[in-house]
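The values are calculated or read from the model by the stated rules, or taken from the named source; none is laboratory data. All figures in this text were calculated on a predicted structure; none of them were measured in a lab. Here the Cβ positions follow ideal geometry from the backbone for every residue, glycine too, while neighbour counts run over all protein chains shown. The accessibility values were calculated without ligands, DNA or RNA, using every heavy atom of the protein model including side chains. Shrake-Rupley method; radii C 1.70, N 1.55, O 1.52, S 1.80 Å.
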Amino acid sequence: MTLPTYKEMWQQADEVWTRTARPARTLIKVGVATCSRVVGAEETLETLRREVQARRLDADVMLTGCLGLCYAEPLVEVIRPNVPGILYQLMTADKVASLLETAVAADGNAREHALAVMGDKEFGGLPALGSLEFMRGQVRRLMANCGVTDPESIDHYLARGGYEGLVGALRLKPVEVIDEVKKSGLWGRGGAAFSTGLKWEFLYNAKRKPKYLICNADEGDPGSFVNRNLMESDPQLLVEGMIIGGYATEADKGCIYIRDEYPLPVERMELAVAQARERGLVGEGILGSDFSFELEVVRGAGSYVCGDETGLLSSLEDRRGMPKIKPPFPAQAGVFAMPSNINNVESYTNVPLIMRHGADWWAEMGSEKHKGTKMFSLSGQIQRVGILEVPLGTPTSDVVMRMGGGPPKGRKLKAVQPGGPLSGVIPASDVDIPLEPDPYRERGVLMGSGGLVILDDTNCIVDLCVYFEWFAEDESCGRCTTCFAGTRRMLEILRRISSGRGRLADLELIKLLGSIAQNANCFHGQGAPTAVMSMFRFFEGELLEHVERKRCPAKVCRGLVRYEVLHHSDRLPAAEAICPTNAVVRDNGTYRIDQLKCIKCDACREQAPYAIAVVDEFAPA
Amino acid sequence: MFSQASHNSRVTPVDPVAGSPELLVRISELIEDLSADHVDLLKAFHRIQHEFGYLPHEAVPLLAGKFRTTPAIIFGTIDFYSEVRTAPAAETTVEWCSGPACLLKGSLNIRRALEAILECEMNRTSSNGNFGLRLVQCDGTCHLAPLVRQDGRYIGPLTVSESIEWARRLKGEDGAVQTEGEGAPAEEESSQTAQKVESE
C-alpha cells in the first residue's frame, strides 16, 4: 500500500483549503444548491463575480453548498482577513451592489441583511450562527462541510479530513470494517432502521461475483429533502462512504441512483465521482491497494416506488421499477440476480465518520438505544423551513417548535407527519416524544426518512389523508391488487367523505381496507393506509364531524363549504375582478356568489376578507 | 443501419421501423454507445428526451433492438416513469407542485384557479395548444410553498390572487384591476373543470 500518495494529496489539498479558510484577502462565499438556486443564488453569484471585477475589488468569489437555512436563502458569507465570516441573508442579485459597498468596499458590515457571524462567538454586535434558534441544539457531523466547503472541489473535502476514513478502512480487513460499523450501532436511515453492519455482512458472505453496492438516493418522499442537501453540498462524503462500503463487502461495482427531480445533485455527484476517479480513489487499485471499485451515477425517471429497495433493483435492470417479491433478498439475488446491497444516502455518509473517528466517538451522540445523529427537513406550516441535523432522541417539539419556530404566528400546531406519505401523523399532544423510531412505532407511525411536515389548525386531516391516498394510488406499481385497487377504493371513500356524502359504514370499510393492505408485497402497499389509521387513532372526532355532521372544522374540504358574501365592503369590486370564473355577481349594487360557477378557489376571500366568508355548506340554519 | 431495430421474438421477422429517416438516424446516434447490460435504458430515455423534448414513439423499436428486448417491454417501462413524456410539451408548460407543504398552504386553490384560467386540465394541454399544466412531485423547495414552475423558473410563495394575476399575464390578459367580464373563460367549461379537479 502506498499511503504517501494520500499524504501528498492531502498536503496539496490543504494548501488550497487554507486559502479559503484563512484568506489573505476578502472572500465572498455564495451558497448555491437547489433551495437557493430557485430564489436566484446563481444570479447572485454571477453578479458578484461581475461586480467584483468591474469595481476592481480586492476579493475572491467562491461557490459553496447549503447551510440548511432554506428560509434565509440566498445566503452570502463575507470573510475579511482575520475577521470571522459574516452571513448575509436573502441576498438576491439586486442587493449585491449595496452589499459590496457596505460590507466589502467600506470597512463596515451591511447590517441590514446580516444574519449572523460564522462560528460560536458573537462579533460586532451580530449573533453567532450557533446561537440562532435554528442552529442551537444541532450537532453537525454529516453536515459539517455543508455551506462551508466548495462542493465542486475534492481538495476542500480532502483537507477537512476527507478520505481519512477510507485510508483507515484500507488498513483493516473487510470484516473488521464491518465489525466497526456494527459496533457503532448505525442503522439504515431510509426508514426501515435495519442494522447497516448486518446488511453489509450479508453481502460480504455472499459468494457469487460480481457484487453490487447500491445507494438509494431516490428520495421520493414529498416534503423530505435531506439527501438532496448532502449530495449537492458535500458529494464526496457519499463517494467515500460508498468506497468504504465496497471495500467492506468486497463489492465490485457501486451505483448511486438519484431521482429525476434532482438535477443538481446528479450534476454534482457525477463531478465528484469523476474527481475521485482522477485521484485514484475510484477505479483500479484504490490508493495503491489491490482493491478495485467502480462507481456510477444513475438518474431515475420519476417513480416513487423505485425508492423501495427491490423496486430500485428492477429499475436498474432496465425494466418497470416494480418491487420484487422477497425472498430472495438482495444480498442473495439482487440486481441482475447478483448479490447486492442497498442503503440510503445518510447510511453511507455516516460510515466515513465512523471510520475516521471510531465507532465510540460516533456513538457518543444519540439516545440510549439509537446512536448517532440524523438529518431532518422541516416544511409545511412552519416559520423556518430548512434542514437540520440533531442527535437521535431529541424531542420532536424541540426541533419543530423551537428550531423551526412552530406554525406561523397566531396559529396552533395540529400534527406532525414525520417522514413521507406512508409514515402517518402524530397529533400535537404527542409532539414531545423523542425523535427516534420506537416512540413513533408505539403510536403506529413510522419515523421514516426524516421529512417533517407540519400541520396547523387551518389544515384538515381528512384533506391530508385524501392527498396521501391519492399519492399512494398514483404511485402504486400495479402488482398487488391489495395495493393498486385497495388504495383506489380507499381514495374513493375518503373523497366521498370529504365531499359530504360519507356514511358511518365507510369507517368500517376503511378499517377493513387498512388491514387488507398488510398483504401487499412491498412497503408501499403495506404503508399506504398508515396515515388514515393514525387519523382514526388521533383525529376520530374530526373524521366523525365530516361523516355525521357533514362539517369540516378547518373549512378546507371543498364539498363541505361554500363561499358567501356576508357583509358589504369596498373590496368587493376587487373580489369580483379577481374571480377566475365570474362567480362574484353584482345585482343592483349588492354582491352575491353564484354557487354554480364558484370553483372555491378562495381568491375572492383573499381580496375581500371582511365581506366574504367560508361557511359550512350543510350548516344548521 | 437499423439492423438492431428488431425485437427479440426470434421468430417473427422485424416490422419495418416507422418514422422519418432523419429522426431514426438521430435516435440511433444518441443511443449508439449504450448497451443492454449496463443500466443504460434510463440514460437512453434522458438523452432522447433532452434532444426532442419528449420521447418519440419511433424510438421504441430502436430501443428494443438496442436493449435486446421487445417493444412491449420498452413501452411498459416508458409508461411506468412519470418524467418520461411521450408527446411534445405545450408552448408554455406550467408545472404545479403536488407536495404536502404546498398542499397545506393551499395549492389546491391555486390549481383550481389555474385550470380555470388556462382552460386546461391537469396533465393536459389546452385546446389551442398554447398551455400545458403538469403535475410535478415535490423537490424540496418547500420554502417557496405553494409554488408553480414555468419552464424551470420557480414562482412562489403564491397567494391565489397572485397566481390568478400571474396566469392572466401569462395568457396575455390584463392582470391588473379588471372591468366586468374580462379575463374569464367560458363558464360551462370552467365549472366542468372544477368538478374534475380532485379526480385527476
Q.
Name the residue that is nearest to residue A:170 (Cα to Cα), counting only residues in the range A:361-379 that are assigned to a helix (DSSP H, G or I) and touching a residue at least 12 places away in the same chain (Cβ under 8 Å).
A. A:362
Q: Give the range A:151-164 a look and list any residue that's surrounded by fewer than 23 Cβ atoms within 10 Å (Cβ to Cβ) and not acidic (Asp, Glu), or say none.
A: A:153, A:159, A:160, A:161
Q. Any idea which of B:69, B:92 is surrounded by fewer than 22 Cβ atoms within 10 Å (Cβ to Cβ) and away from chain A (no Cβ under 12 Å)?
A. B:92
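Output the residues belonging to the range B:32-60 that are among the aromatic types (Phe, Trp, Tyr) and surrounded by fewer than 16 Cβ atoms within 10 Å (Cβ to Cβ). Break it down stepwise before answering.
If we filter the range B:32-60 for residues that are among the aromatic types (Phe, Trp, Tyr), which is where we start, we get B:45, B:52, B:54.
The answer is B:54, and nothing else.
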Q | Hey, residue B:75 open to solvent by 10 Å² or more (accessible area, probe 1.4 Å), without any contact (Cβ under 8 Å) to a residue 60 or more places away in the chain and touching a Cys at 6+ places or on another chain (Cβ under 6 Å) or not | A | no
(Q) Within the range A:602-617, take every residue that is closer than 19 Å to residue A:586 by Cβ and not in a loop (DSSP other than H, G, I, E, B) and give me the one that is farthest from the chain's Cα centre (by Cα). (A) A:612
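From A:334, A:307, A:366, which residue is open to solvent by less than 10 Å² (accessible area, probe 1.4 Å) and more than 30 Å from residue A:5 (Cβ to Cβ)?
Numbers: A:307 fails: open to solvent by less than 10 Å² (accessible area, probe 1.4 Å); A:366 fails: open to solvent by less than 10 Å² (accessible area, probe 1.4 Å).
Just a single option satisfies the conditions, and that option is A:334.
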Q: For the range A:428-446, indicate whether the set of residues that are crowded, with 24+ Cβ neighbours inside 10 Å, closer than 23 Å to residue A:69 by Cα and more than 11 Å from chain B (Cβ to nearest Cβ) is non-empty.
A: yes
(Q) Condition first: in a strand (DSSP E or B) and either basic (Lys, Arg) or closer than 19 Å to residue B:109 by Cα (or both). Can you find one or more residues in the range A:571-582 that meet it? (A) no
Q.
I'd like to verify a number: residues in the range A:296-344 that are within 14 Å of chain B (Cβ to nearest Cβ) and either in a loop (DSSP other than H, G, I, E, B) or farther than 21 Å from residue A:190 by Cα (or both), how many?
A. 17
Q) Which members of the range B:63-91 meet the condition of being touching a helix residue (DSSP H, G or I) at 6+ places or on another chain (Cβ under 6 Å), within 25 Å of residue A:296 (Cα to Cα) and not basic (Lys, Arg)? A) B:63, B:64, B:67, B:74, B:84
**Q.** Subset of the range B:30-45 [more than 22 Å from residue A:335 (Cα to Cα) and within 24 Å of the chain's Cα centre (by Cα)]
**A.** B:30, B:31
Q) Among (1) open to solvent by less than 20 Å² (accessible area, probe 1.4 Å); (2) within 9 Å of chain A (Cβ to nearest Cβ); (3) not small (Gly, Ala, Ser), which single condition is residue B:120 missing? A) (2)
